[in-house]
């Protein structure tokens, strides 16, 4: 199955936590778009059914891939964008 062309965008006017390197970017939906594009590029698109969202003060990454290496690439791509914010990587390796 191909990677979804539409990222899961967070609703509303949530702003990113100020302690993150990504706080210079405008808002959560824009960060989600940046993360989605970066993961797609870095994993060539190795993460299937990918979703990215901001929930309860933490970023959550979901989907599935074939290797732990791809899961790690996706995680590193997110961390480059969100900085020191909390990330929960729920990508399943099948």
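Any read-out appearing in this document is the output of simple, stated calculations on the displayed coordinates, not a laboratory observation. Model, not experiment: these values are computed from the prediction. Using ideal geometry, Cβ is built from the backbone for each residue, glycine included, and neighbour counts are taken over all protein chains shown.
Beta-bridge orientation, segment 28-93: approximately 45 percent antiparallel, per DSSP, counting only bridges with both partners inside. Rg and Dmax, both from the Cα atoms of segment 28-93 and both in Å, are 10.5, 30. If the chain linking residue 60 and residue 94 were pulled fully straight, counting 0.36 nm for each residue of separation and taking away their Cα-Cα distance, it would gain 10.4 nm. With each label modelled as a point 7 angstrom along the Cα→C-beta vector, the residue 79-residue 49 pair spans 2.6 nm.
Quote to one decimal, in nm, the extra length available between residue 27 and residue 72 on full extension: 0.36 nm per residue of separation minus the C-alpha distance between them.
13.7 nm
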